[in-house]
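A.B. asks: Quick one: structure below, then a few questions.
The values are calculated or read from the model by the stated rules, or taken from the named source; none is laboratory data. Predicted model, so just to flag it, every value in this text is computed and none were measured. Counting neighbours? That spans all protein chains shown, and the Cβs are built from the backbone with ideal geometry, glycine included. Just the protein is used for accessible areas: all its heavy atoms, side chains included, with ligands, DNA and RNA removed. Shrake-Rupley method; radii C 1.70, N 1.55, O 1.52, S 1.80 Å.
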Number of protein chains: 2
Amino acid sequence: MNIHSKQKPLSTQGGTGNKRGQIIHATIRLISEYGFHGTPISMIAQEAEVGAGTIYRYFKDKDALVLEIFEQVNKDFTTTMLHEYDADQPIQDRFIHLCWGIFRFGIQNPHEFKFMEQFYNSPYGTTLRREKLFCNCGDSSQELPLDKVFSTGQAQHLIKDLPLNALIAHSIGPIVFLVKDSIAGLIQLDNSTIDSSLKACWDAISVKRQESDIQ
Amino acid sequence: MNIHSKQKPLSTQGGTGNKRGQIIHATIRLISEYGFHGTPISMIAQEAEVGAGTIYRYFKDKDALVLEIFEQVNKDFTTTMLHEYDADQPIQDRFIHLCWGIFRFGIQNPHEFKFMEQFYNSPYGTTLRREKLFCNCGDSSQELPLDKVFSTGQAQHLIKDLPLNALIAHSIGPIVFLVKDSIAGLIQLDNSTIDSSLKACWDAISVKRQESDIQ
DNA sequence: AAACCTGGAATGAATATTCATTCCAAACAA
DNA sequence: TTGTTTGGAATGAATATTCATTCCAGGTTT
């Protein structure tokens, strides 16, 4: 048992006297902007206002630091998505709820959002994704909530019969683009813009009523 | 005038006796996988089967190498999109044509596609995007073909009145996700899958007929 | 031969990691 | 209370490694 395996909530961070949190936050900020290889330990130490050696008191090495952050951020992300989620609602409502969660997380945690993006775009992240850990870090036995919405929706003929990957692409793809644009200051994501975007996502994946269906 | 500014088509590459092309291709392959900071010159030299010093005979430094590659790849990308493009066709056809081009480019040039992705995700790429050079490298006076489709489509009330960024997100976002999944071997992008995905993109951005409009 | 190329060793700067030392707050002793 | 001890936390200089770039001895082309 050593100090490295201690787990603290990410929210307990930023104040002085909380070196660990300062290091984590500095790492997220810098890697979200410059990427893993683009942010030296020295830079992290400086941003965290901490000696370089101190970082190694809390984390085995740079890899362990980043990996631990990713796991925590990914957990927080899932929590945000599932906040007040009700699996008994209609499919469309559940879909919109989960997607709103992604927007919320991205807008409220821009650095964490870009950190995850960087992670998934790295070779390490690609491996993870291939292992189906996407959004499901640590518990691969349980079906992801969004996957569940898709399969249920398909069974009810409400959602198009596209491959699961494609449904995810049409839901999350646009959101990721929009959140990134929002973070970059290229677009203002107010509630009405988000609403209409989510409507567009739903239009993309949902089965359109046939004209003959209209009563 | 020096050797560095010479411009050769990327297609003239890979054979022995073509160091320059070997270097470019190795760089694309490696950076597409490991990113800019993750691929040292030594690795490029090894992959290109070339001495490290040789690289500096053809390119001023690492930055110049990568920038030149980006500009060429971006040009090829635009060319692929516009291949056999007819601006007199109906909006939906033009939209589908351009998006097909993105798929084609990504599937036929997976490394180049991921290279561009890496570039746009780097601080340098973000700057570029903010300068509105996206898809339009070198000639910012002319409106992008996809932008033109959107503005024309909106004027004809065929395309939803979403911000331009959102329309792009709903068009390109899903495609980028799908092509990346395809490159990672997570999905098989046959023509019918692409067709239905593009249909989904169109459904996302197009104005749906009101029930009362149906004759 | 003269001009040019090439590979890879050499160089110095940047980076990750280690470690001897300092610092400090709490426990204890007076 | 006041001074002393002590153990873990913090530090940043020192070390080991990696990197971008330069250099040059030999090879190739013309």
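A.B. asks: I'd like to know if region A:149-159 contains one or more residues that are modelled with pLDDT of 95 or more, hydrophobic (A, V, I, L, M, F, W, C) and loosely packed, with under 15 Cβ neighbours inside 10 Å.
C.D. replies: Yes; the residues of region A:149-159 include at least one that is modelled with pLDDT of 95 or more, hydrophobic (A, V, I, L, M, F, W, C) and loosely packed, with under 15 Cβ neighbours inside 10 Å.
A.B. asks: Hey, among the residues in region B:54-88 that are away from chain A (no Cβ under 14 Å), within 10 Å of DNA strand D (Cβ to nearest atom) and part of a helix (DSSP H, G or I), which one's most open to solvent (accessible area, probe 1.4 Å)?
C.D. replies: Restricting to residues being away from chain A (no Cβ under 14 Å), within 10 Å of DNA strand D (Cβ to nearest atom) and part of a helix (DSSP H, G or I), the top hit is B:ARG57.
A.B. asks: Let me ask something else about it. I'm told B:CYS137 meets every condition in (1) at pLDDT below 90; (2) open to solvent by 60 Å² or more (accessible area, probe 1.4 Å) except one. Can you identify the failing condition by its number?
C.D. replies: B:CYS137 satisfies every listed condition except (2).
A.B. asks: Across region B:41-53, what is the total count of residues that are within 8 Å of DNA strand D (Cβ to nearest atom) and closer than 14 Å to B:LYS19 by Cα?
C.D. replies: Result for region B:41-53: 5.
A.B. asks: Moving to a separate point now. Given (1) open to solvent by 70 Å² or more (accessible area, probe 1.4 Å); (2) modelled with pLDDT under 95; (3) more than 16 Å from DNA strand D (Cβ to nearest atom), identify the lone condition not met by A:HIS111.
C.D. replies: The failed condition is (2).
A.B. asks: Output the residues belonging to region A:162-203 that are more than 30 Å from A:ARG130 (Cβ to Cβ) and in contact (Cβ under 8 Å) with a residue 60 or more places away in the chain.
C.D. replies: Matches in region A:162-203: A:LEU189, A:ILE194.
A.B. asks: Which members of region A:168-201 meet the condition of being touching a helix residue (DSSP H, G or I) at 6+ places or on another chain (Cβ under 6 Å), modelled with pLDDT of 95 or more and more than 8 Å from chain B (Cβ to nearest Cβ)?
C.D. replies: Of everything in region A:168-201, those that are touching a helix residue (DSSP H, G or I) at 6+ places or on another chain (Cβ under 6 Å), modelled with pLDDT of 95 or more and more than 8 Å from chain B (Cβ to nearest Cβ) turn out to be A:SER171, A:VAL179, A:LEU189, A:ILE194, A:LEU198.
A.B. asks: If I ask for residues that are open to solvent by 40 Å² or more (accessible area, probe 1.4 Å) and either at pLDDT 90 or above or away from every other protein chain (no Cβ under 12 Å) (or both), which ones from region B:119-132 would you list?
C.D. replies: none
A.B. asks: Is there any pair linking a residue in region A:34-46 that is part of a loop (DSSP other than H, G, I, E, B) to one that is among the β-branched types (Val, Ile, Thr), with Cβ under 7 Å and at least six apart or on different chains, and which?
C.D. replies: Final answer for the pair search is A:PHE36/A:VAL66; A:THR39/A:ILE31.
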